[in-house]
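The structure under discussion appears below in the form of structure tokens.
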There are 2 protein chains.
Amino acid sequence: MQDINSFNAREIREAFRGGTLSQPTPGLAPGYVQANLVILPQSDAFDFLLFCTRNPKPCPILDVTEVGDWEPRQVAPGADLRTDVPLYRVWKSGTLVDEVTDIRDLWQEDFVGFLLGCSFSFEAVMLAAGLPVRHIEEGKNVPMYQTTIPCQSAGRFSGNMVVSMRPLTPKQAIQAVEVTGRFAKAHGAPLHFGNPEVLGIRNINSPDFGEAVTIRENEIPVFWACGVTPQLAIMKSQPGLAITHAPGYMFITDVRDEELTFS
Amino acid sequence: MQDINSFNAREIREAFRGGTLSQPTPGLAPGYVQANLVILPQSDAFDFLLFCTRNPKPCPILDVTEVGDWEPRQVAPGADLRTDVPLYRVWKSGTLVDEVTDIRDLWQEDFVGFLLGCSFSFEAVMLAAGLPVRHIEEGKNVPMYQTTIPCQSAGRFSGNMVVSMRPLTPKQAIQAVEVTGRFAKAHGAPLHFGNPEVLGIRNINSPDFGEAVTIRENEIPVFWACGVTPQLAIMKSQPGLAITHAPGYMFITDVRDEELTFS
């Protein structure tokens, strides 16, 4: 079998679709935008689209499918949202009830698929600009924290912001604002730096998701809005049925990272 | 009565709300973002929000109200979409049936209001950067053209792109791309420059809306996506009922132009 590391986005989706492969997507198809997935019935779709529109930093919209359509025609023509994600999570009334590699059996005529930007895109560009990304250096998952900052609610959807953190020197933080600010569709510029308590984070060494990373003497924690925010909103808002990707098992689009910077 | 030219955004909205004043808004409350307005019943709201999401250049979303709520809480807390626009248009099945200065009698419990960015914001910044805006120099309305470029359709909404045109030298055009590219929520960077036929425009001196302007020897026409696009989509897609602003009679928000450049 050919090495998956040489595959482009479409080839990786097809490998996942075949069902022989299921693995986390960080590092796969470098340069291609990876996306968070949320699938909801039409009855909840307007509220959720409005939630994303009102909270573009945690929920930057890359593509939304037509009612009943599993093909994300803007970012991956020919792809199939029912099969092309390596691992799905099924939520009933806000509770995780199953993890599956294929949702063809669960698909409904009234489903709408939402693909939302993720921080992998700007991390690649940070690294290319010579900025450190500590959790990659340390071979860990990015540290993520629940905050006490509420999102703008929309219809039935509400919840607090989740943030990811990367330690940087002040000079690096300034450069990171410039670099990531160009990627509005991948969470954009940071939300905050410095004192974690401003966000309601009590212990920076004890993240709610992912793993703690080293913060050096001359560094401050820098916080970005995080794509886990919509999953938390789904847990809190308890729509009857929702399907998402499993954390780290993203949908890989045909869009190149740099395309996200166009106005 | 106090001079309206000294009013801030809120004061102007209140003057319109009182019903004693109805005038076009260009030039009013300089520095404040002006917005296109579309109001639709909830049954068409998801399709229209998706249409805007898929066509962010002609339809950049500034705010969307909750079902039944006339207050645009994100961009103008305390404002009233039923009264604060100086002139409204009422559309039935895609046909213009009335122009009114107040829609309190027409308001329905299922209405959703959409405020979309407009080019006034980037024109102010172009002028500040020393770039010419010909229709302002010549005291005219901006020339606008229907194109043969289809928007991405969404549910019941489809239509071709409408563009506005400003003549610039190549050097100015490059600077204008940089300046306006920062204003993704006010149509962003141009779509095209040069040969109008690429967009299906037969006669640059005969715009479909607004007025023709002088294009000098050393200049090329530069084309931006235009906020008339959603009105054309409404005419073509014929939702049962829609209310919009009348061209040039915009909703004035509390947002400052420069705020639109944040990621």
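The values are calculated or read from the model by the stated rules, or taken from the named source; none is laboratory data. Everything numeric in this text was worked out from a predicted model, so none of it was measured. Quick reminder, even Gly has a Cβ in these numbers, built from the backbone with ideal geometry, and neighbours come from all protein chains shown.
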TODO: Working carefully through the options A:193, A:251, A:223, A:209, find the one that is closer than 22 Å to residue A:30 by Cβ and not aliphatic (A, V, I, L, M).
DONE: A:251
TODO: Within segment B:71-86, identify whether any single residue is at pLDDT 95 or above, within 29 Å of residue B:150 (Cα to Cα) and touching a strand residue (DSSP E or B) at 6+ places or on another chain (Cβ under 6 Å), and answer yes or no.
DONE: no
- [ ] Could you tell me whether any residue of segment A:60-70 is outside any loop (DSSP other than H, G, I, E, B) and more than 9 Å from chain B (Cβ to nearest Cβ)?
- [x] yes
- [ ] Spot the failing condition for residue B:40; the list is (1) crowded, with 23+ Cβ neighbours inside 10 Å; (2) within 14 Å of another protein chain (Cβ to nearest Cβ); (3) part of a loop (DSSP other than H, G, I, E, B), and only one is missed.
- [x] (3)
Open item on the list: Please go through (1) in the same structural domain as residue A:114 (by TED's automatic domain parsing); (2) at pLDDT below 95 for residue A:210 and return the number of the only condition it doesn't satisfy.
Closed with: (1)
TODO: Restrict the check to segment B:103-125 and report whether at least one residue is in a loop (DSSP other than H, G, I, E, B), within 23 Å of residue B:188 (Cβ to Cβ) and either modelled with pLDDT of 95 or more or away from every other protein chain (no Cβ under 14 Å) (or both).
DONE: yes
TODO: Could you please find all residues in segment B:148-170 being among the hydroxyl-bearing types (Ser, Thr, Tyr) and buried (at least 23 other Cβ atoms within 10 Å of the Cβ)?
DONE: B:164
Open item on the list: Every residue in segment A:1-46 that is among the β-branched types (Val, Ile, Thr) and touching a helix residue (DSSP H, G or I) at 6+ places or on another chain (Cβ under 9 Å), please.
Closed with: A:4, A:12, A:25, A:33, A:38
- [ ] Filter segment A:201-226 down to residues that are within 24 Å of residue A:131 (Cα to Cα) and charged (D, E, K, R) and give me whichever is nearest to the other protein chains (Cβ to nearest Cβ).
- [x] A:219
- [ ] Name the residue, out of A:189, A:173, that is surrounded by 19 or more Cβ atoms within 10 Å (Cβ to Cβ) and without any contact (Cβ under 8 Å) to a residue 40 or more places away in the chain.
- [x] A:189
Task: Filter result for residue B:229 (more than 14 Å from chain A (Cβ to nearest Cβ), crowded, with 18+ Cβ neighbours inside 10 Å and of a type in the set (Ser, Thr, Tyr)) - done: yes
- [ ] Assess whether residue B:198 counts as being within 11 Å of chain A (Cβ to nearest Cβ) and without any contact (Cβ under 8 Å) to a residue 40 or more places away in the chain.
- [x] no
Open item on the list: Which numbered condition in (1) in contact with a Gly (Cβ under 6 Å, 6 or more places away or on another chain); (2) within 13 Å of chain A (Cβ to nearest Cβ); (3) hydrophobic (A, V, I, L, M, F, W, C) is the only one that residue B:81 fails?
Closed with: (2)
Open item on the list: For segment B:1-37, give me the residue count where each residue is surrounded by fewer than 20 Cβ atoms within 10 Å (Cβ to Cβ) and over 30 Å from residue B:158 (Cβ atoms).
Closed with: 21
- [ ] Pull up segment A:45-59, narrow it to residues that are more than 7 Å from chain B (Cβ to nearest Cβ) and buried (at least 22 other Cβ atoms within 10 Å of the Cβ), then point me to the one that is nearest to residue A:94 (Cα to Cα).
- [x] A:48
Task: segment A:209-226, residues that are surrounded by 15 or more Cβ atoms within 10 Å (Cβ to Cβ) and part of a loop (DSSP other than H, G, I, E, B) - done: A:210, A:212, A:213, A:215, A:219, A:226
Open item on the list: Being in contact with a strand residue (DSSP E or B) (Cβ under 9 Å, 6 or more places away or on another chain), surrounded by fewer than 17 Cβ atoms within 10 Å (Cβ to Cβ) and within 14 Å of another protein chain (Cβ to nearest Cβ) is the filter here; which residues of segment A:240-263 pass it?
Closed with: A:259
Open item on the list: Taking the criterion of being touching a residue at least 40 places away in the same chain (Cβ under 8 Å) and of a type in the set (Gly, Ala, Ser), would at least one residue in segment B:6-13 satisfy it?
Closed with: yes
Task: Given (1) within 20 Å of the chain's Cα centre (by Cα); (2) among the aliphatic types (A, V, I, L, M); (3) at pLDDT below 95, number of the condition residue B:128 does not satisfy - done: (1)
- [ ] Might you let me know whether segment B:159-176 holds any residue that is basic (Lys, Arg), under 19 Å from the mean Cα position of the chain (by Cα) and within 14 Å of chain A (Cβ to nearest Cβ)?
- [x] no
TODO: Only residues that are assigned to a helix (DSSP H, G or I) and crowded, with 16+ Cβ neighbours inside 10 Å: list them for segment B:126-147, please.
DONE: B:126, B:134, B:135, B:136
